[in-house]
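Before any comments, here is the structure.
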Amino acid sequence: MTTEHQIAVCVVSSEADSAKMLHTIFKFVGEQASIYSLDSLEQKLKQAPQLPLVSVIDDAAASADLLKHFPGTPFIVTERVSKDLIKRNNCVGVLSNKPGYGEVIRLLHYAQEYHSQKPDQQNISQASALSQLARTLVGQSAVMRSVREQIVQVSPSNANVLILGESGTGKEVVARGIHNCSKRARGPFVPVNCGAIPAELLESELFGHEKGAFTGAIGVRKGRFELAQGGTLFLDEIGDMPLPMQVKLLRVLQEREFERVGGTRTLQADVRIVAATHQGLEALISEGKFREDLYYRLNVFPIEMPALREREGDIPLLVNELVERMRQAEAVDLRFTEAALGSLAIHRWSGNVRELANLIERLCITHGGRVVDVSDLPGKYRDENAEPYKPVYPAEMHERDALNAMFAEDESTLDEVLYPEGSGLVPATLPKDGVDLRALLGDLEVELIRQALDQQEWVVARAAELLGMRRTTLVEKIRKYQLTRD
């Protein structure tokens with residue numbers, strides 16, 4: 001089986017001596033090379049066209065058909081083969097009669113690049129994994145795209161991963177993403193918060209214990225390593241692990257085996273370790289609080305999660321995603337104005353995505369089904385420079401409100417307001433034959449306007465203020481009713 005950086009070399013030649021020489025050349029540079037007949041190579045390519053192979057062809061008669069029928073396989077040809085074949089896309093180069101080390105390595109590199117760039121099933125799977133990650137690790141900023149790409153890169157291997165970042169940035173989401181994109185996806189994902197378990201219980205929690213191992217151990221109990229067999233063990237807040245436990249964890253990582261507390265039977269640790277911390281482990285090492293050898297065991301592939309304040313452009317996307325989750329979970333809808341989203345984007349977010357999720361949940365309770373503006377946000381999230389939305393109502397609405405206010409006076413003085421002494425108006429009584437209400441209200445409006453103008457000596461601005469309307473509106477009504485000063 002080839003390693004991740006190697007591809008198998010298949011040598012085909014019409015001459016036995018030439019085949020042996022080519023086989024020796026590729027074995028010398030460290031590749032896995034084998035000699036094939038034309039029929040056996042063709043059969044191999046038909047059965048597994050996606051295998052990471054490179055075919056070295058030294059047979060002029062057969063080369064044209066092979067290159068044509070297997071476009072997914074890169075080919076290296078010798079100088080004896082027709083030069084027309086060099087024009088084919090899957091012919092990555094020509095091997096000279098006496099190749100040097102650099103020439104061979106260069107052609108192998110071209111073959112590897114051909115495999116990595118072709119639209120094969122592996123690349124399709126990676127694209128699918130990236131698409132899935134985009135729904136859980138939301139964001140289109142460069143740092144978030146880089147995080148998703150790193151997850152896809154490291155997931156197929158069994159390498160230990162160390163996730164760094166502030167609290168609330170989504171380190172466990174990254175760990176689950178690594179598990180879901182890995183070959184262990186069908187196995188269990190077992191999280192352990194090393195800082196939440198007392199030091200004296202942590203060993204039993206991780207490795208399990210036998211009956212009678214200590215006071216209270218009334219039966220056999222499996223630890224997290226056993227529960228995570230065939231899957232992924234997520235060690236959150238690894239920086240809080242006590243030093244004695246660090247020594248035991250290091251042994252498990254080195255030997256891939258452990259014993260339960262109080263037991264003697266050795267158990268295999270078929271788990272992938274993903275650790276996370278918000279602390280600076282290098283600083284803890286210098287303080288003597290974390291083992292340097294354990295750090296290098298865990299830090300095979302580090303992934304650093306950015307703080308939310310470093311990707312403010314992702315906040316609208318995160319808000320939409322969190323609102324959608326609340327809609328599905330609680331059937332509560334919520335929307336935000338652009339000003340509100342802008343205010344959230346400039347907040348410092350010391351609690352990162354967790355703080356944002358808590359805010360969305362709170363707003364769903366207090367403003368469910370509404371549109372949230374800057375003024376609706378809690379004080380610490382408001383942009384002081386943002387002006388809250390203030391509706392502007394038409395002038396006619398102000399006039400109507402003014403008249404409504406007049407009619408809403410105390411009942412004991414209502415007649416005095418509507419029918420002042422000397423106005424010629426009498427309290428309303430509906431005649432048997434009915435009344436022209438529009439004309440009656442028009443007469444009332446004219447009378448009130450005239451009284452206001454007379455009281456203010458026809459100073460229109462003061463009369464308009466008395467009537468609760470704009471000066472321009474009152475001027476229009478004076479023209480409409482052709483009112484003049486006596």
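Among [x] 32.3; [y] 24.2; [z] 30.9, which one is Kirkwood radius over Cα pairs in Å computed from these coordinates? Of the listed options [x] 32.3; [y] 24.2; [z] 30.9, [z] comes from this structure. Helix-only arithmetic for the chain: the sum of -39500 (n - 2.57) across DSSP H runs with n ≥ 4, divided by the residue total, places the mean residue ellipticity at 222 nm at -14000 deg cm²/dmol.
Using C-alpha pairs below 8 Å separated by at least 6 residues, the relative contact order for the stretch 250-325 is 21 percent. Carbon and sulfur together cover what percent of the accessible area of the chain at a 1.4 Å probe radius? Ligands and nucleic acids excluded, carbon and sulfur reach 50 percent. For residue 380, a cut-off of 27 angstrom between C-alpha atoms picks up these lysines, skipping any fewer than 8 places away in its own chain: 171, 390. Across 458, 349, the residue with the most accessible area heads the list, and the full order at a 1.4 Å probe is 458, 349.
Taking only C-alpha pairs under 8 Å that are 6+ residues apart, what is the relative contact order of the chain in percent? Each step should come with its number before you reach the end.
Working: 665 pairs, mean separation 48.2, N = 486.
Contact order relative to length: 10 percent.
Between residue 430 and residue 458, the modelled labels are 4.0 nm apart [label points 7 Å from Cα along Cα→Cβ].
DSSP assigns beta bridges within the chain; of those with both partners inside it, close to 10 percent run antiparallel. Using a cutoff of 8 angstrom between alpha carbon atoms and counting only pairs six or more residues apart, the relative contact order for the stretch 186-230 works out to 44 percent. Would the stretch 236-275 count as rounded, prolate or oblate if I go by the C-alpha gyration tensor, calling it rounded below 1.5 in a/c and otherwise prolate when a/b exceeds b/c, oblate otherwise? It is oblate, given that a/c is not under 1.5 and a/b is not larger than b/c. Compared with the dominant Cα axis of the chain, that is its longest principal axis, helix 60-69 is turned about 30°.
Structure shown: which of 46/68; 222/248; 222/289; 27/183 lie over 22 Å apart, alpha-carbon to alpha-carbon?
In this structure, 222/289; 27/183 exceed 22 Å between Cα atoms.
Model label sites at residue 354 and residue 312, defined 7 Å from Cα along the beta-carbon direction, differ in position by 2.4 nm. Placing unit charges on the Cβ atoms of the charged side chains and taking the dipole of the stretch 253-301 about its Cα centre, the candidate lying farthest along the positive direction among 288, 261, 301 is 261.
Among the GluC sites (Glu not before Pro) found in the stretch 441-481, those both in a DSSP coil and sparsely packed, with 15 or fewer other Cβ atoms within 10 Å of their Cβ, are 457. Can you tell me the 0 to 90 degree angle between the C-alpha axis of helix 395-407 and the longest principal axis of the chain, rounded to 10? Taking Cα atoms only, the helix is inclined about 50 degrees.
Gain in length, residue 186 to residue 98, computed as 0.36 nm per residue apart minus the alpha-carbon separation, to one decimal in nm?
26.7 nm
Take the Cα of residue 331, step 7 Å toward its Cβ, do the same at residue 482, and the gap between the two points is 6.4 nm. Using the Cα gyration tensor of the stretch 214-323, with a ≥ b ≥ c the square roots of its eigenvalues, what is the shape: rounded (a/c below 1.5), prolate (a/b larger than b/c) or oblate (neither)? Note, shape of the stretch 214-323 comes out prolate.
The values are calculated or read from the model by the stated rules, or taken from the named source; none is laboratory data. In this text the structure is predicted, and so the values were computed from the model without any measurement. Positions of Cβ are generated from backbone atoms using ideal geometry, with glycine treated the same way; all protein chains shown enter the neighbour counts. Surface areas here come from the heavy atoms of the whole protein model, side chains and all, with no ligands, DNA or RNA. Shrake-Rupley method; radii C 1.70, N 1.55, O 1.52, S 1.80 Å.
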